[in-house]
Structures are given as C-alpha cells and as structure tokens.
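Have a look at the structure below before the remarks.
The values are calculated or read from the model by the stated rules, or taken from the named source; none is laboratory data. Just so it is clear, the structure is predicted and the values come from calculations on it, not from any experiment. FYI the Cβ positions are ideal-geometry reconstructions off the backbone, even for glycines, and counts take in every protein chain you see. The accessibility values were calculated without ligands, DNA or RNA, using every heavy atom of the protein model including side chains. Shrake-Rupley method; radii C 1.70, N 1.55, O 1.52, S 1.80 Å.
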Amino acid sequence: MKTLVSFLILLSSCMFCNAQGRGMGRVRTGVPTDSIRLSDPFVLADEATQTYYMTGTGGSLWKSRDLRRWDGPYNVIQTDPDSWMGARPMVWAAELHKYNGLYYYFATFTNRSVKIDTVRGNVIERRACHVLRSDKPDGPYTPMADATFLPANQPTLDATFWVDSDAKPYMVFCHEWLQNWNGTVEKIQLKTDLSGSIDDTRKLLFRAFDSPWSRERDSAGNVIPNKVTDGPFPFRTQTGKLGMLWTSWVYGDYTQGVAYSTSGTLDGPWVQEPEPVTPPNYGHGMMFRTFEGKLLLCCHSHYNNNGAYIRIPVFFEVDDSGDKIKVGKIVK
C-alpha cells in the first residue's frame, strides 16, 4: 500500500506539472477516449454549450461533443500562491458542477512542503478539498472568499457536491485513511454561494470498514477490511432512492461499490451493497446523463502494466429505473 501511495503521488505530481504548462505541450484535437491517460475522470454535460467537459486528477480539462473524440488538455484553474496551497499545488480528483448559473471546481489540493502529521511511519502532507468558481464551464476557475473549507490538521480528499432534500448545498468528502486508518465519507454544509463551509455541520456518513466487499491482507496474511474510501458520488435513482458510489480495494483490485440511504437523505443510515457494481480494476466513478438522455457511469480503468498503472476513462451503461442501479456493458 505504501508503494501504491508513493506511485499515486508521483503520478499526480507529473500530471499537475502538465496542467500548469511545464511541459504540457500543445492542445490536441480529436483525441480518442482510450488515448487519454486520466485518473478520477469526471464529466460535466453542459446543456448551455452542448459540450461535455472532462477533468480529473492533474486538473486539466478536455472537451467533446460526442464522448468519443476530445480536445485538450486545457489549463483552467488559477490558485493563490500565497494561500495554504503554495505556489504549485498538486491536484487530485477534480470535478465540475453547475449551480445557480455558475460553475464550480471541486478538487483536492496538496502542498507537499507542509507536513501536518505522521501516523505509523507515514508523513502526511497538507492536503484538503477546496472549491473554485467560474462563470464559464471552461474557466478560468478562481478562488472565492474562504481560505479553507475543511480543517487544516486533517488530510481530506475527493470532494463532491450535493443538494440534499433540505435544499441546502453540501460538500461530501473523505477523511483520508492515512491518518485515521479507517477512511470515512463525510458531509459538511456549504454557504449558499458555495464560497465556504459552515464549520459546525460536519457529519460522518460511513466508514471503510462498513463495507462487506472491500478487503486486504495484513502483514500476517490475515484477511481484514480494507481501510480506503475514495471518490464518493451521491445520486438518486428514478424512484427517488438516494445512493452513493464510492471506491475501495479488493486485495490488489481497485473496485467500485455503492451504498444506499434508508432515510433518503445524506444523514443515512447507509447500507452497503454486499458486492461491487463494476468488474475489478474499475473505480472512482460518477454518473451523468448524455444529451440524448442515456445514463452513463464514468470511471477509470486500473491495470498494472509491468509495475505502472494504466488509467483510462471508461463509460458503462447504467439502468437506474429501480431502487438500485444496474451497471451494464462498457460503451465502445
């Protein structure tokens, strides 16, 4: 697991260098989806421009009219070098959301020069979820009022956006397993303009160990629950059932799971499905509807090629007509 974390840090760092123009090269056009290397892909289907915008780890942006050919990568974010992020933060798991006529960029930023904790030999860098804003889907996305959204002494990651049944906006995020050794999915209420968080509303939704399907082996070879929570993504089925996509590991396979709220709200309680919803080595998923009305799950592949993980955006067909989603075949 330590090797995996080190690799992901290196991968993210390299991808962010590209996003910031240090060797990014020219913008390419007509790039097939399977030629894009991208972790944690997220697609915004923007009705106003009839364009699909895809981002993810690294922070760069891709644009497409048909989900088959893409133009990019574009650099679309502007961060404050005098903020806690520093001059060149790493960017993980970026997302784009449209809300009240504006566009918001949810992402995990890491300042590697600042250390906040050491747990079981792991030095934890300053890493937190944050939100930027733009009046256009392709940016530029810039900082808002609040300097921080979540506590500075905790590593948080993979933030997403949800308006719950109380009509209030929330950030849903993970408290990273590196510190608590049992990753969580949590929520915090946001201000009405999403410019900051309301600090006394943070609430635990579920923990990694709640999952019956994710597991690993300890140093003695015993099977134990896996400690990782990645990529939460709330959704409602056509029947109104509230679900949550999230990702963990089944031994060496990065795998997509789902939970459902019995109350129909973020407060839960959340009941984990007994089995994953995708084949092994697909994860960090989200769902969106195409302009033709088809529901797709977007995630990345996770294949080990001689020690290097190959991550490519992949689209699965999804049926959400019942109380639970049914993930179908890969869209070619």
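Note down the Stokes-Einstein diffusion coefficient of the range 20-155 in µm²/s, whole number, using a Kirkwood radius over alpha carbon pairs, 20 °C, and 1.002 mPa s. Calculated translational D: 136 µm²/s.
Restricted to Cα atoms, the range 160-245 shows a radius of gyration and a Dmax of 15.3, 50 angstrom. Rounded to the nearest 10 square angstrom, Lys326 shows an accessible area of 140 square angstrom against a 1.4 Å probe. Dipole size of the chain about its Cα centre, with +1 on Lys/Arg Cβ and -1 on Asp/Glu Cβ: approximately 800 debye, rounded to the nearest 20. Spatial offset of the range 111-139 relative to the range 202-244 amounts to 22 Å, using the alpha carbon center of each.
Calculate the all-directions average of the projected area of the range 39-97's alpha-carbon convex hull, and give it in nm².
Numbers: hull surface 17.7 nm².
The orientation-averaged projected area of the Cα hull of the range 39-97 comes to 4.4 nm².
Computed on the chain, with alpha-carbon pairs under 8 angstrom and 6+ residues apart, the relative contact order is 12 percent. Run the numbers on the range 196-308 and let me know its relative contact order in percent, using alpha-carbon pairs under 8 Å that are six or more apart. Relative contact order of the range 196-308: 20 percent. Across q = 0.17 Å⁻¹, the range 221-298 modelled as identical point scatterers on its alpha-carbon atoms has Debye log10 I(q)/I(0) values of -0.70, in the order of the q list.
Counting heavy atoms of the protein chains alone, Ile312 has an accessible area of about 30 Å² for a 1.4 Å probe. Considering all different alpha carbon pairs of the range 134-184, the Kirkwood hydrodynamic radius works out to 13.3 Å. If the reach is capped at under 28 angstrom between alpha carbons, list the lysines near Lys187, excluding any in the same chain fewer than eight residues apart. Reachable lysines: Lys2, Lys98, Lys115, Lys136, Lys168, Lys203, Lys227, Lys241, Lys324, Lys326.
Along its principal axes, the range 101-232 has C-alpha extents of 53, 38, 30 angstrom, given from the largest down.
Can you give the translational diffusion coefficient of the chain in µm²/s, computed by Stokes-Einstein from the Kirkwood radius over Cα pairs at 4 °C and 1.567 mPa s? Estimated diffusion coefficient is 65 µm²/s. The residues of the range 88-207 have, on average, 37 Å² of accessible surface per residue, using a 1.4 Å probe with all protein chains present.
For the range 192-321, just say rounded, prolate or oblate: build the C-alpha gyration tensor, square-root its eigenvalues into a ≥ b ≥ c, call rounded for a/c under 1.5, and beyond that prolate if a/b exceeds b/c, oblate if not. Show your work: numbers first, answer last.
Values: a/c = 1.68, a/b = 1.21, b/c = 1.38.
Taking the square roots of the gyration eigenvalues as a ≥ b ≥ c, the range 192-321 is oblate.
Ordered from highest to lowest accessible area with the whole protein assembly present and a 1.4 Å probe, Leu194, Leu102 read as Leu102, Leu194. Within the accessible surface of the chain, defined with a 1.4 Å probe on protein heavy atoms only, the carbon and sulfur portion equals 49 percent.
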